[in-house]
Amino acid sequence: MNWKIDNTHSEITFKVKHMMISTVTGYFENFDATINTNDESFENASVEFNAKINSINTKNKDRDTHLKSDDFFNSEKFPEMKFISKSFDGQQLIGDLTIKDVTKVVQLDVDFNGIAVDPYGQTKAGFEISGDINRKDYNLTWNAVTEAGNIVVSDKVKIVIDAQFIKQV
């Protein structure tokens, strides 16, 4: 069975501590994902995901421009990030996450919210996926220190994905 992400009912977000006192949330607005599975339990499914770096949106144009620059993602040279799963047991999704020119194995927690048929007869499956990565593992190393000694951007980045997939017929 093949499933394709329903972009209208999905969002890819990340959260990063700013100056260690507040959290900034960002979104990738242009993304794609597919799931290939043997049955509707989704165990042992293969998952592929990609997001266009230029679609990053933190609700601040200057910050978005900085994130797209070589200080962070270098969207000109590395236009997308990718995830390809290695295993899924129904609760833990393990796979290769590639950001810039670095690929690392990550483990994500998955809540499978079930399957439903929408008013148009489409079968949909919903998931909440989350996990943490260290941005420095992916050469996203820019930082600064305030006069008070606070780090401006945390190394830890929380990934939160709310995804709805449409069963392909």
What percent of all Cα-Cα pairs in the chain falls into each 10 Å bin, going from 0 up to the bin containing the maximum distance?
10, 38, 32, 16, 4, 1
Can you give the accessible area of LEU67 in Å² (nearest 10), computed on protein heavy atoms with a 1.4 Å probe?
20
Can you list the aspartates and glutamates whose alpha carbon is less than 18 Å from that of LYS59, not counting same-chain residues fewer than 8 positions off?
GLU11, GLU29
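Determine the order of THR34, THR13 by accessible area, beginning with the largest, at a probe radius of 1.4 Å.
Values: THR34 60, THR13 10 Å².
Greatest to least solvent exposure: THR34, THR13.
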Residue-ordered couplings for the stretch 3-13, obtained by feeding phi - 60° into the Karplus form 6.51 cos²θ - 1.76 cosθ + 1.60 and rounding to whole Hz (Gly and Pro as x), are 10, 10, 5, 9, 4, 5, 10, 9, 8, 10, 10
Sorted by chain and number, the residues with a modelled amide H under 5 Å from that of ASP6, at a separation of 5 or more or across chains, are GLN164, PHE165, ILE166
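Per residue, how large is the accessible surface of the chain? Use a 1.4 angstrom probe and give square angstrom. Let's see the in-between values first.
Numbers: 9500 Å² over 169 residues.
Spelled out: the 1.4 Å probe surface of the chain, per residue, equals 56 Å².
Just how large is the dipole of the chain about the Cα centre, in debye to the nearest 20, putting +1 at every Lys and Arg Cβ and -1 at every Asp and Glu Cβ? Provide the component values of the computation, followed by the final result.
Values: 19 positive and 26 negative charges, 89 e Å.
Around 420 debye, computed over the chain.
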For the chain: relative contact order, % (alpha-carbon pairs under 8 angstrom, 6 or more apart):
27
Projected area, mean over directions - the stretch 57-117, Cα convex hull, nm²:
6.3
Taking +1 at the Cβ of each Lys and Arg and -1 at the Cβ of each Asp and Glu, which of PHE165, LEU140, GLN122 sits farthest along the dipole of the chain towards its positive end, judged by Cα position relative to the Cα centre?
LEU140
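In what order, largest first, do TYR138, TYR120, TYR27 sit by accessible area if the probe radius is 1.4 Å? Write down the numbers at each step before the final one.
On the way: TYR138 5, TYR120 195, TYR27 60 Å².
The ordering from most to least exposed comes out as TYR120, TYR27, TYR138.
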Share of accessible surface on carbon and sulfur in the chain, whole %, 1.4 Å probe and ligands ignored, is 47
Which residues' amide hydrogens lie under 5 Å from the amide hydrogen of LYS86, considering only partners 5 or more residues apart or on another chain, with H built in the peptide plane?
ILE94, GLY95, ASP96
Looking only at LYS82, LYS17, LYS61, which one moves most when the chain is put into a Gaussian network model with springs between Cα atoms under 10 Å?
LYS61
Amide H to amide H, which residues 5 or more places from ASN30 or on other chains are under 5 Å from it, using H placed in the peptide plane?
LYS52, SER55
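Exceeding 19 Å between C-alpha atoms, which entries from my cross-link table qualify? They are LYS82/LYS158; LYS136/LYS156; LYS15/LYS68; LYS52/LYS77; LYS15/LYS77. Spell out each step's value before the answer.
Numbers: LYS82/LYS158 16 Å; LYS136/LYS156 9 Å; LYS15/LYS68 16 Å; LYS52/LYS77 12 Å; LYS15/LYS77 24 Å.
The pairs that break the limit, which is 19 Å between Cα atoms, are LYS15/LYS77.
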Diffusion coefficient, µm² s⁻¹, Stokes-Einstein with Kirkwood Rh over alpha-carbon pairs of the stretch 16-75 at 4 °C and 1.567 mPa s:
94
For the chain, built as a Gaussian network whose Cα springs stay under 10 Å, the top-fluctuating residue of GLN92, GLN107, GLN122
GLN122
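The values are calculated or read from the model by the stated rules, or taken from the named source; none is laboratory data. A quick note: this is a predicted structure, and the numbers were derived from the prediction, not measured. Ideal geometry is used to build each Cβ from the backbone, glycine not excepted, and the neighbour counts take in all protein chains shown. Surface areas here come from the heavy atoms of the whole protein model, side chains and all, with no ligands, DNA or RNA. Shrake-Rupley method; radii C 1.70, N 1.55, O 1.52, S 1.80 Å.
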